[in-house]
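Visitor: Below is the structure I would like to discuss, written out as structure tokens.
The numbers here are math on the coordinates, done by the rules we state, and not lab data. Remember, predicted model here, so these are calculated numbers, not experimental data. Virtual Cβ from ideal backbone geometry, glycine too; neighbours counted across all protein chains shown.
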Amino acid sequence: MSVTQIDRSRIESLVRQAIQSGNLVGATSPSPTSAIVDPPGWIDGKPNLRVSISARHVHLTDEHVEVLFGSGVKLEPEKDLYQDGFYAAKQTVMVVGPRRRMLPNVRVLGPTRGASQVELAFTDSISLGIDAPVRHSGKIEGTPGCVLVGPAGSVQLQQGVIRAARHVHMNFADAEHFGVSNGDMMQLKITSNDCSMVFEDVLVRADAAAKLEVHIDTDEGNACNLDAASKVELTKSGCKCKG
Ligand SMILES: [Zn+2]
């Protein structure tokens, strides 16, 4: 008889005694509430940073969708975006600036919103001849307008043409991981052969359902050759303005 067999039979008898006396306290079965569920977008228990180029696009109201594409028409989702619930629609519009300069086939993103808005990169705004300011999405007061043309009609926007300011979507678990909260600024470092860059002023947009994703525009993405980048790092800005 080997030592191992003796040990095993002793252990078995001890376990049997414990079960009979009701003293087996250590053996708990896992309860559903103790199961670990990763926050949205996390992989292997960690945030998974994604940096995406947000190419020029348009957001529309329900009313403008009908004017541009026809009475009763709704946006048709063509491709889901990384952020759950958002999509690139099948529909596109022509964006027309002053002196008849225009950008054809500008993608509409859904779902619809309370105000229509055109988001361009700096190069787009130069080619359109519109002096679009850098603004965060939805902050369109006092911005220039343009004309949108669709297959069923056109819309004159009095305002809403912006260069979308760089920002990072994240959920509250991501925010806690980075030690930031909604409205804070972060820094994004892109390591890329011969054109590495550090982006300051990356605004935190925290939301329960968001996945960790930085949005930069086409000019910003091209400047650091994002597609060929070897590393992306997001850090909290060393802001001394807060007490
Ligand atoms: Zn975004």
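Visitor: Excluding Ala173 itself, what net charge comes from residues whose Cβ is under 13 Å from its Cβ, given Lys and Arg +1 and Asp and Glu -1?
Guide: Surrounding charge for Ala173 is -2.
Visitor: Once you've got the Cα coordinates, tell me which of Lys46/Lys236; Lys139/Lys211; Lys189/Lys231 are over 20 Å apart.
Guide: Exceeds cut-off: Lys139/Lys211.
Visitor: What is the pair-distance distribution P(r) of the stretch 55-164, computed from all Cα-Cα distances in 10 Å bins starting at 0, with each bin given as a whole percent?
Guide: Cα pair-distance distribution for the stretch 55-164, in percent: 16, 51, 31, 2.
Visitor: Okay, next question. For the stretch 166-236, just the Cα atoms, rotate onto the principal axes and tell me the three extents in Å, largest first.
Guide: That works out to 36, 19, 18 Å along the principal axes.
Visitor: Could I ask something else about it? I want the antiparallel fraction of DSSP beta bridges within the stretch 166-236, as a percent rounded to 5.
Guide: Here the share of antiparallel DSSP bridges comes out near 80 percent.
Visitor: In Å and whole numbers, how far do the C-alpha atoms of the stretch 106-238 stretch along each principal axis, longest first?
Guide: For the stretch 106-238, the Cα extents along the three principal axes come out at 46, 36, 26 Å.
Visitor: Rounded to the nearest Å, what's the spacing between the alpha carbon centres of the stretch 73-95 and the stretch 216-234? Just the number, please.
Guide: 24 Å
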